[in-house]
1. Enter the mean number of other protein chain beta carbons within 10 Å of the beta carbon of each residue in A:160-166, as an integer.
2. Taking neighbour Cβ counts within 10 Å as the exposure measure, how do B:E7, B:E22 sort from fewest upward?
3. Work out the mean other chain Cβ neighbour count within 10 Å for the residues of A:57-67 and drop it here as an integer.
4. Where the centroid of each part is defined by its Cα atoms, how far is segment A:69-85 from segment B:168-229 in Å?
5. Please list, in order, the residues from segment B:323-353 whose amide nitrogen is less than 19 Å from a point placed 7 Å along the Cα→Cβ vector of B:N261.
6. Need one value for B:16-25: mean number of C-beta atoms belonging to other chains within 10 Å of its residues' C-beta atoms.
7. If neighbour count is taken as other Cβ atoms inside 10 Å, put B:C328, B:C34 in order from fewest to most.
8. Checking the cross-link filter: which aspartates and glutamates have an alpha carbon closer than 17 Å to that of A:K167, excluding same-chain neighbours under 8 positions apart?
Amino acid sequence: MDLSPKPAASGLDPDLLPRVARGDRGAFGQLYEQSSTLLFSLAFRILGDRDSAADLLQDVYLEVWRKRVSYDAARGSPMAWLVTMTRSRAIDRLRSRTAKGHGVTDPIDHSPAVQLADGKPSPLEASAGNETRSLVGKALTELPEAQRKAIELAFYQGLSHSEIAAKLNEPLGTVKTRIKLGMDKLRTVLRPCWE
Amino acid sequence: MAHEEFEQNLALYAVGALDPLERQALETHLTEGCQMCWSALKDYRETTGLLPNGLPITAPPPGLKGRIETAVLAQVLPQSAGATDSDATLRTPDGDVTIRTPAPPVAVPAGDATIRLPSQPATRTAPQAKAAPVQPPWWAWTTTPAFAAASAALVLGIGAYAFLLNSKVALETAQRQQTEAALQQQTVQAATLRQELAQSQQDLVEFKQRTLPALQDAVAQREMDIERMRIQLAQKEQELVGLYKTASPKDEMLAMLQSANVRVLSLAGTDAAKSAGGLVLYDAERGKAFLYAFNMPALPRGKVYQLWTITTKPVSAGTFSADTGRKCRHLARSLQAKSGITKFAVSVEPEGGKPQPTGAIYLHGSL
């Protein structure tokens, strides 16, 4: 089994999850290869350190193996399902850490989106030649700063719109509108990726 | 909350920005099966599923995949070795997983659970391993104590798994039989109730068919009886009136005869009725008079006799007809002239009588 990490993948082989569901460990290995970099990047972005991100990813993949039948193709693509699950587990750990009084870093000011906004994609991304990454990066940079920031605070830090409003000292309705408008724009621009 | 409000919250839900109460309300709405919301949520989730592509790539540690596969194997192997854990998803794998399990030791890193299994003490295969030549054949590893122990563990595992599977099948069979028995019992009870209901309905129909006409006949008969009795009663009342009319004059005549205040007056026939005669019992105190006449001339058609009391002028005391044998009885119960009566007379008058005598006088007499 090739242990070398792979670049982030924009999608998954649609046959992999059904094969994993049948207990195919080979398919499980391919699933890891095609998704782990993106999921690890996500976990690292949320949790802020590699060890925690690695622990989280191990739990996520084991959960995929155990609860492999819970995936419903009618509800979305396999990658969207994996991202949702990874983000959810990571946010849970983040909140648990906050509840225990551990400090939580706020990487929003030096967020990857800002780096992408500088037009300097990472070497790995460039080598991957991934059109999806370019499309997503471009869509994020074209969002108004306030909309993008609100979405990132919610998605990567697990803040609700009322918490974001309090954090940014903005009216509640304004934050909701920003998130809704930003998500609608992203949905429109990124729709070709799943259709 | 209206559907439109839920729809507005879908984007925030997908990105994890809803407050707990809003999230619960939306999830309830989704659970209720709103297909429009599910469709919109799918797009938003695809959108958030792409968001990490905007992050700088951070490769996972090189050993992470091995750790994950080791953990997966650690979960798979105990179940094939007959672990008692009852996790249905993992502990009842299909045949493929069970059969492939012995092979991984070649590929799995040192320290893996599958490597530790052969480390148990060697049994009878150990001497054969020691006696092997320096250059053992390719299959010689199959005779090592480790292989023997692993084989024994595998056999035990398969046996235990078969036992568990058999127990589970037996349990499920028993449960299914219980369910089928309960279902059959319920079916029988339902059939019995249905039959009883049908019988009750039939009884009701028969009761209506049998009893209602009889009741209607009885009512009709009773109505006829009542009508007949009403007619009989009317007849009896009429007869009673007749009897009263017949009996009263006699009774009252007797009563008047017993009274000390009654005076008797004899009436004589006039020239128009020479053979006729009569008498009057007169009770001045009560204003009553009783007339008895005989040999009265036959009344012409449309004529009646009329009794007169005479004070200064004639006053009618009632009309009457002849009884059989040309005898007449007439009781005047309430004489208009209660005092000063000096004479009584009987004349022939048209039916209904007259205020003053107009016809022939048949009888007359003075007090």
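Values in this text are rule-based calculations from the coordinates and carry no lab data. Keep in mind it's a predicted model, so treat the numbers as computed, not measured. For neighbour counting, all protein chains shown are included, and Cβ atoms are generated from backbone atoms with ideal geometry for every residue, glycine included.
1. Counting other chains' Cβ atoms within 10 Å and averaging over A:160-166 gives 3.
2. So the ranking, lowest neighbour count to highest, is B:E7, B:E22.
3. The per-residue average across the peptide is 4.
4. 56
5. Those under the cut-off are B:331-343.
6. Numbers: counts 14, 17, 6, 5, 1, 0, 4, 1, 0, 0.
Partner-chain Cβ atoms within 10 Å, mean over residues of B:16-25: 5.
7. B:C34, B:C328
8. Within reach: A:D106, A:D109, A:E145, A:E152, B:D19.
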